[in-house]
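A.B. asks: Dropping the structure in here first, questions after.
Derivation of every value follows stated rules applied to the coordinates shown; laboratory data play no part. All values reported here derive from a predicted model rather than from experimental measurement. Positions of Cβ are generated from backbone atoms using ideal geometry, with glycine treated the same way; all protein chains shown enter the neighbour counts.
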Amino acid sequence: MTDNAGHEPDAEIQDQYLMERVRSGDQDAFAVLIRRHQQSVLNFFRRLGAYSNAEDLAQETFLRVFRYRFKYKPVAKFTTFLYTLARHAWADGLRKAMRHAAIAERVANELPASDDGAMGRTRAAMDAQMALEKLSDKLRVVVVMSMYQGMKYEEIAEILDIPSGTVKSRMFTALNQLKEILDDRSRAKHE
Amino acid sequence: MTDHGQNMSEAGVCSRGLDIAPYLQGQMSPNELTLFEGHLKTCASCQTRVVAFRKVITQLKQIPTEAPIRDMAPDIIARIPEREWSRSSPSGGFMLFLRLAALFLCVAGVGLLAVHMRSARQSGIAATAIAQEWKHAQVAPAKNDGQETGEKTQAVATALEWLASTQETDGNWDAEKWGAEQQYTVGITALSLLAFIDSDRHALDGPNAATVSRGLNYLMTRQSEQGRFGPECKEQMYNHGIATLALLEAYALKKDDAFKQAIGRAIQFTCKQQNGADSWGYEQSAVRSLNTSVTVWPLQALIRADSLGFPGLKPVIKRSIFWLKTMTSPDGEVAYSKPGEFPDGYDALTAAGVVCLVKSQGRVSGGDTEKMLAVLHKSADEQGESINYYSWYFLTQALQGEGGEQSDKLVTRLQRTLLAKQTRSGPCPGSWDLSDQWSASGGRVYTTAMSVLSLQ
């Protein structure tokens, strides 16, 4: 289920090699790097709540990878570098509350209205997506990173620049809140 | 089945509950796993929670992974200018430039007092030259083509360079020196700071940090005991509202205690000045003078403060929003100080009204807002080559908040006009000329800061 599943040491070494090539101006290497991670990054933003602009945010993230290519140090995992930039791209997108409001509304408007909608999502998936969107941004990002991106708490802590104990407590709070939200939705359906 | 009494809080929640998520997500070391499983056998609270959390996780996993509709690599690579591919590591030229700039700043810092003004100006230019380089690495390209984004980036960078070069040594931008009325120095300084902060989320720790910090410190030294920023004057709520907003945006970037305290006092003053009348105006006690143009600044500040967690503001905001609605005609046009009164047109006031409504409600839709947006679409469509900085600042914000293809097109058109009108040469390169009815009050720093904010 995790987008990073299988992104193990070999893959890490390949990413580091590709970044090295990008630093020396190799466009083909950058294209390969993008293709390796575009699905994961795209889904990261969709699960955070972006929908129509998820691709814009993903593109922006890769452009930042290129801009900051000289800041990347191979001692760190490439995905840590990548998702730190993705997180910043997301935060920048949220900085203007109005834009956030517009995005939230578009998300609400664009989500499929029924089980057999264009995206083929099940009702359970839609409920889960709705529940995720009700979390605060700081809780949602921890859930998305650990549940879907398959990151370790230590890596999430590094990306968000918070202690790993805080990641753990946010995850606990998030799961508690998600349980309440999903229970409420379930009760509402049966009433 | 028993509970481990020593782990239970008064609310009946086991303190080991924090370990449930790592347990279910396979994030425990073997040793941690053994210990937790031992605990789990005897803790009813954790057992219940494990079942509940497992169910939540199962449901969350129902969200499918979606494949990209198309390969993004060609588009992304096309957005990178060809020359960027041949750039070498900044450990070479750019780092050397940084070191030289730092050395220059140090020398300037210990230089003779007699030339301190000139040194400060040069330091500003050196810092903004770095900022320009930095800016190229920071600015997010918009959805339109790379060339246009590059033009905007360049325009903002040269505008900030000009602004940095015109800052006084104590951190202010002297309103009178740049064609404005002197009593607006605090407001003009705050607008300039907003231009820096809104353009760069590293405004407080990047290359422009010294300029921005000097400006913020200046604002804080201009706060009265009552909490008011700037002098006591008829127009004080413009100064105060914009200065509060600048401090809030700085606080959003850095949770500095000095900012927080200054903001707290400023908010108290703002609420007190509302004086039970639901809005603000030129004279605090004369209800007749209350007006939309002044109101939108302290109101925006309160809305921003509320979003940043400053408590107790919702009732004040609610009253002001209600007042704004009473100023709105059935057709969605926002009036100045009483329904139907439009001494200087309704474009700017309606756009400002939309900005406040949307920010306070957190959404674009709603009968009032939709009518107002229809007014703005018509208004933006009718704008010609003559810039109204005040109106365009709110128009671009309101339309961007709405989003959508039509709004994007209108914003792009306004921004193209702004880009075309930026001064390229002469004594003030990077700034914008005084051209609209409010330029005489705000001066060149105002026209430039408002243009930068409209280009975001």
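A.B. asks: Tell me, how many Å apart are the Cα centres for the stretch A:13-67 and for the stretch B:57-77?
C.D. replies: Value for the Cα centre distance between the two parts: 12 Å.
A.B. asks: Next question. List the pair-distance distribution P(r) of the stretch A:136-191, using every Cα-Cα distance, as the percent of pairs falling in each 10 Å bin from 0 up to the bin containing the longest distance, rounded to whole percents.
C.D. replies: 24, 47, 19, 9, 1
A.B. asks: OK, next. Report ³J(HN,Hα) in whole Hz for each residue of the stretch B:347-360, in order, from the Karplus equation J = 6.51 cos²θ - 1.76 cosθ + 1.60 where θ = phi - 60°; Gly and Pro get x.
C.D. replies: Coupling constants for the stretch B:347-360: 4, 5, 5, 5, 4, 5, x, 4, 4, 5, 4, 5, 5, 6 Hz.
A.B. asks: In addition: Quick query: amide H of B:Gly281 versus all other amide H atoms, modeled in the peptide plane; which residues come in under 5 Å with a sequence gap of 5 or more or a different chain?
C.D. replies: Excluding prolines and chain starts, which carry no amide H, the hits are B:Asn291.
A.B. asks: So which lysines can B:Lys371 reach, going by Cα to Cα under 16 Å and dropping same-chain residues fewer than 8 places off?
C.D. replies: B:Lys325
A.B. asks: Given contacts defined as C-alpha pairs under 8 Å and at least six residues apart, what's the relative contact order of the stretch B:205-249, whole-number percent? Don't skip to the answer; put the middle values down first.
C.D. replies: Working: 20 pairs, mean separation 11.1, N = 45.
Computed over the stretch B:205-249, the figure is 25 percent.
A.B. asks: May I pose another question? Name the long-range amide H neighbours of B:Thr328: under 5 Å, sequence gap of 5 or more, or other chain; modelled H, no Pro or chain starts.
C.D. replies: The answer is B:Ala335.
A.B. asks: Given N residues in the stretch B:146-454, what is Rg(Cα) / (2.2 N^0.38 Å)? Please list the in-between numbers first.
C.D. replies: Working: Rg = 18.2 Å, N = 309, 2.2 N^0.38 = 19.4 Å.
Compactness ratio reported: 0.93.
A.B. asks: Straight-line reach only, C-alpha to C-alpha below 12 angstrom: list the aspartates and glutamates that A:Lys179 could link to, leaving out same-chain residues fewer than 8 apart.
C.D. replies: A:Asp127
A.B. asks: Restricting to Cα pairs below 8 Å that are 6+ residues apart, what does the relative contact order work out to for the stretch B:146-454? Please round to a whole percent.
C.D. replies: On the way: 486 pairs, mean separation 62.1, N = 309.
Over the stretch B:146-454, the number comes to 20 percent.
A.B. asks: Once phi is turned into θ = phi - 60°, what whole-Hz ³J(HN,Hα) does the Karplus curve with 6.51, -1.76 and 1.60 give for every residue of the stretch B:238-249, x standing for Gly and Pro?
C.D. replies: Per-residue couplings from phi come out as 5, 3, 5, x, 5, 5, 4, 4, 5, 4, 5, 5 Hz.
A.B. asks: Please list, in chain and number order, the residues 5+ apart from B:Ser431 or on another chain whose amide H is under 5 Å from its amide H, with Hs placed from the backbone.
C.D. replies: B:Thr423
A.B. asks: Per-residue counts of other Cβ atoms within 10 Å, averaged by peptide: what ranking do you get for A:70-83, B:386-399, highest first?
C.D. replies: Working: A:70-83: 17.4, B:386-399: 23.5.
Descending packing order for the listed peptides: B:386-399, A:70-83.
A.B. asks: So which of A:Lys138/A:Lys168; B:Lys260/B:Lys318; B:Lys234/B:Lys318; A:Lys152/B:Lys255 end up more than 20 Å apart by C-alpha? Please report the intermediate quantities before stating the final value.
C.D. replies: Values: A:Lys138/A:Lys168 12 Å; B:Lys260/B:Lys318 23 Å; B:Lys234/B:Lys318 25 Å; A:Lys152/B:Lys255 28 Å.
Long pairs (Cα-Cα over 20 Å): B:Lys260/B:Lys318; B:Lys234/B:Lys318; A:Lys152/B:Lys255.
A.B. asks: Oh, and also: When Cβ neighbours within 10 Å are restricted to other protein chains, what is their mean count per residue of peptide A:64-74? Each step should come with its number before you reach the end.
C.D. replies: Values: counts 3, 1, 7, 6, 2, 3, 9, 2, 0, 0, 0.
Taking the mean over all residues of the peptide, I get 3.
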